[in-house]
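One structure is given below, encoded as structure tokens.
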């Protein structure tokens, strides 16, 4: 078992803010060799991103609490669970994944009042909370969540499908989200994340639009020189 130096809100608060955060989507790992891939990325990852899907809110099933618990024992890095589930189960799922080892649980704004309750529950259970939006949902939907969250994630592609191109709306939506964060007085407290359509040519655009982190899939796991890839990523500058 690997000991974590920090967990929950403390681990999220300690993420670097002077460069792009290295957030690795374990959906892009070799699922038959997860332990091997975790060892390969451990020195480069700031945060592990784990997608959870119920096959109703989004196509297909993804990850489950027992697997997250196993992953949590193999890494010292914080774990971010993205819950793509229906409102009626989001609170129960928040509890299950925090008990399995999630440090941060991100909940869809589309879950409405149940999502707000889940964010508050995450805090009660000693974890951090985030909010995430589908591409078609107005950015203004994050507003009720801003007092409760430390992460705002905007999807730049349709939900739950790999390999799509980044939407033309992704960068303007990041700019709009940052403006709302600033208006709420919590811009310095919230990490803004871009998820989906992450490619060599799109990461600089997302960073310039205000992303503090991008969720890395094949761009990281498919690179034979991960150290060089991360050095490039860390060197990208945010807009002034």
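Derivation of every value follows stated rules applied to the coordinates shown; laboratory data play no part. Keep in mind that what you see is a predicted model, and the values were worked out from it rather than measured. Heads up, the Cβs are rebuilt from the backbone with ideal geometry, glycines too, and the neighbour counts pull from every protein chain shown.
When the convex hull of the Cα atoms of the range 191-230 is projected onto a plane and the area is averaged over all directions, what value comes out in nm²?
2.8 nm²
What ranking, highest mean first, results for peptides 224-236, 198-210, 44-56, 149-161 when packing means the other Cβ atoms within 10 Å averaged over each residue?
Descending mean neighbour count gives 149-161, 44-56, 198-210, 224-236.
What's the Cα-based Rg to Rh of the range 64-106, Rh via Kirkwood?
0.97
Going from the alpha-carbon gyration tensor of the chain, what semi-axes, largest first and in whole Å, does one get by taking the root of 5 times each eigenvalue?
23, 22, 17
Using the alpha carbons of the range 15-150, what is the convex hull volume per residue in cubic angstrom, as a whole number?
115 Å³
Counting only DSSP beta bridges with both residues in the chain, what percent are antiparallel, rounded to the nearest 5?
DSSP beta bridges in the chain are roughly 5 percent antiparallel.
Taking 0.36 nm per residue of sequence separation and subtracting the Cα-Cα distance, how much length would be gained by fully extending the chain between residue 123 and residue 136, in nm to one decimal?
The residue 123-residue 136 span can extend by a further 1.9 nm.
Would you work out the Kirkwood radius for the range 71-140? I mean one over the mean of 1/r across all pairs of different Cα atoms, in Å.
12.1 Å
Report the percentage of all Cα-Cα pairs in the range 74-211 whose separation exceeds 23 Å, rounded to a whole percent.
Of all Cα-Cα distances in the range 74-211, 32 percent exceed 23 Å.
Quickly work out the residue 31-to-residue 143 label distance, labels modelled 7 Å from Cα along the C-beta direction, and quote it in nm with one decimal.
Once both label points are built, they end up 3.9 nm from each other.
Could you work out the relative contact order of the chain, using alpha carbon pairs under 8 angstrom and six or more residues apart, expressed as a whole percent?
Relative contact order comes out at 20 percent.
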